[in-house]
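Visitor: My questions all concern the structure below.
The values are calculated or read from the model by the stated rules, or taken from the named source; none is laboratory data. The structure displayed is predicted, hence computed values, not measured ones. Ideal geometry is used to build each Cβ from the backbone, glycine not excepted, and the neighbour counts take in all protein chains shown.
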Amino acid sequence: MLSILFDRLLRLLAYVSGGIIIVLMVFTVVDVFMRNVFNAPLRSVYEFTEFTMAAIVFLGIAYTGWTGGHIAVDMFVKWLERPRWRWITALLAFLGAALFATIAYRATLETIATIDQVSNRLAWPHYPFRFTVALGCALFAIVLGSQGVQVLRGRTTGDRQ
């Protein structure tokens with residue numbers, strides 16, 4: 001049950017990320033149109049792109065990891081799939097989880113420390129986007145930890161039942 005709820009949360013965040021991509025595409029098309037037709041580009045396109053890219057990446061990273069959508073290099077798969085070497089795969093998952101948990105923690109501290117910062121042109125506060133980085137990293141750390149546990153139990157990431 002908890003796995004199903006977590007899957008739905010990650011899927012929802014991935015859909016939000018996809019929606020933001022669509023908004024960014026429309027914004028870019030409007031900017032190019034205004035620039036080429038009326039010689040009047042949108043003034044805040046760079047800031048808007050920077051903020052939305054952070055949201056796009058970090059809202060989708062956990063779902064991509066959860067579904068096994070990340071790029072993987074399988075140079076050592078035939079050795080690492082042996083039962084006695086399973087601990088290496090689990091160790092790598094746990095190290096990744098620790099890394100992303102640390103990033104989430106540091107991003108949270110940075111968000112709190114810079115809560116009053118706003119962007120130059122749009123005057124958007126930075127904290128929602130920095131919090132998005134922290135949230136995405138925390139969720140990805142949970143995904144990696146879950147994958148490490150699954151590997152130790154003898155399951156692959158596709159056996160999620």
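Visitor: Looking at the range 150-157, can you tell me whether even one residue there is modelled with pLDDT under 95 and under 13 Å from the mean Cα position of the chain (by Cα)?
Guide: no
Visitor: Could you pull out the residue among 71, 103, 112 that is farther than 27 Å from residue 4 by Cα and either within 23 Å of the chain's Cα centre (by Cα) or in a helix (DSSP H, G or I) (or both)?
Guide: Numbers: 71 fails: farther than 27 Å from residue 4 by Cα; 103 fails: farther than 27 Å from residue 4 by Cα.
So the residue among 71, 103, 112 that is farther than 27 Å from residue 4 by Cα and either within 23 Å of the chain's Cα centre (by Cα) or in a helix (DSSP H, G or I) (or both) is 112.
Visitor: Any chance you could count how many residues in the range 129-152 are surrounded by fewer than 19 Cβ atoms within 10 Å (Cβ to Cβ) and among the hydroxyl-bearing types (Ser, Thr, Tyr)?
Guide: The total comes to 1.
Visitor: For the range 33-47, state whether one or more residues are assigned to a loop (DSSP other than H, G, I, E, B), within 17 Å of the chain's Cα centre (by Cα) and in contact (Cβ under 8 Å) with a residue 24 or more places away in the chain. Write out each step before concluding.
Guide: Residues of the range 33-47 that are assigned to a loop (DSSP other than H, G, I, E, B), as a first pass: 39-44.
Then keep just the ones that are within 17 Å of the chain's Cα centre (by Cα); that gives none.
Taking every residue of the range 33-47 in turn, none turns out to be assigned to a loop (DSSP other than H, G, I, E, B), within 17 Å of the chain's Cα centre (by Cα) and in contact (Cβ under 8 Å) with a residue 24 or more places away in the chain.
Visitor: Let me ask something additional. Under 9 Å by Cβ, and 6 or more places apart or on different chains, what pairs join a residue from the range 77-97 that is hydroxyl-bearing (Ser, Thr, Tyr) with one that is modelled with pLDDT under 85?
Guide: Partner pairs satisfying both residue conditions: 89/80; 89/81.
Visitor: Looking only at residues in the range 82-117 that are of a type in the set (Phe, Trp, Tyr) and surrounded by 15 or more Cβ atoms within 10 Å (Cβ to Cβ), which one is farthest from residue 153 (Cα to Cα)? I'd like the intermediate steps shown before the answer.
Guide: At the first step, the residues of the range 82-117 found to be of a type in the set (Phe, Trp, Tyr) are 85, 87, 94, 100, 105.
Filter again for surrounded by 15 or more Cβ atoms within 10 Å (Cβ to Cβ), leaving 94, 100.
Values: 94: 14, 100: 22 Å.
Per the criteria, the residue is 100.
Visitor: Now, a different point. When residue 71 is evaluated against the numbered criteria (1) at pLDDT below 95; (2) over 21 Å from residue 13 (Cα atoms), which criterion, by number, is the only one it fails?
Guide: All conditions pass for residue 71, except number (2).
This table checks each residue for (1) surrounded by fewer than 16 Cβ atoms within 10 Å (Cβ to Cβ); (2) touching an Asp or Glu at 6+ places or on another chain (Cβ under 7 Å); (3) closer than 22 Å to residue 123 by Cα.
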position: 2; (1), (2), (3): yes, no, no
position: 6; (1), (2), (3): no, no, no
position: 15; (1), (2), (3): yes, no, no
position: 19; (1), (2), (3): yes, no, no
position: 23; (1), (2), (3): yes, no, yes
position: 26; (1), (2), (3): yes, no, yes
position: 30; (1), (2), (3): yes, no, yes
position: 35; (1), (2), (3): yes, no, no
position: 39; (1), (2), (3): yes, no, no
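Visitor: Look at the range 69-84 and say how many of its residues are touching a helix residue (DSSP H, G or I) at 6+ places or on another chain (Cβ under 6 Å) and under 15 Å from residue 150 (Cα atoms).
Guide: Total meeting the criteria: 1.
Visitor: Could you tell me whether residue 79 is within 30 Å of residue 152 (Cα to Cα), surrounded by fewer than 13 Cβ atoms within 10 Å (Cβ to Cβ) and more than 23 Å from the chain's Cα centre (by Cα)?
Guide: Numbers: within 30 Å of residue 152 (Cα to Cα): yes; surrounded by fewer than 13 Cβ atoms within 10 Å (Cβ to Cβ): yes; more than 23 Å from the chain's Cα centre (by Cα): yes.
The answer is yes for residue 79.
Visitor: From the list 104, 113, which one is touching a residue at least 24 places away in the same chain (Cβ under 8 Å) and among the aliphatic types (A, V, I, L, M)? Walk me through it before giving the result.
Guide: Working: 113 fails: touching a residue at least 24 places away in the same chain (Cβ under 8 Å).
Of 104, 113, the one residue that is touching a residue at least 24 places away in the same chain (Cβ under 8 Å) and among the aliphatic types (A, V, I, L, M) is 104.
Visitor: Whether any residue in the range 58-68 is outside any helix (DSSP H, G or I) and over 24 Å from residue 151 (Cα atoms) is what I want to check. Step through it out loud before you land on a result.
Guide: Quick first cut of the range 58-68, residues outside any helix (DSSP H, G or I) only: 67-68.
Within this subset, residues satisfying the condition of being over 24 Å from residue 151 (Cα atoms) are none.
Looking for residues that are outside any helix (DSSP H, G or I) and over 24 Å from residue 151 (Cα atoms), one finds none in the range 58-68, hence no.
Visitor: I need every pair where a residue in the range 1-16 that is in contact (Cβ under 8 Å) with a residue 40 or more places away in the chain and among the acidic types (Asp, Glu) has its Cβ under 7 Å from the Cβ of a residue that is assigned to a helix (DSSP H, G or I) and surrounded by 15 or more Cβ atoms within 10 Å (Cβ to Cβ), sequence separation at least 6 or different chains.
Guide: Hits for this filter: 7/66.
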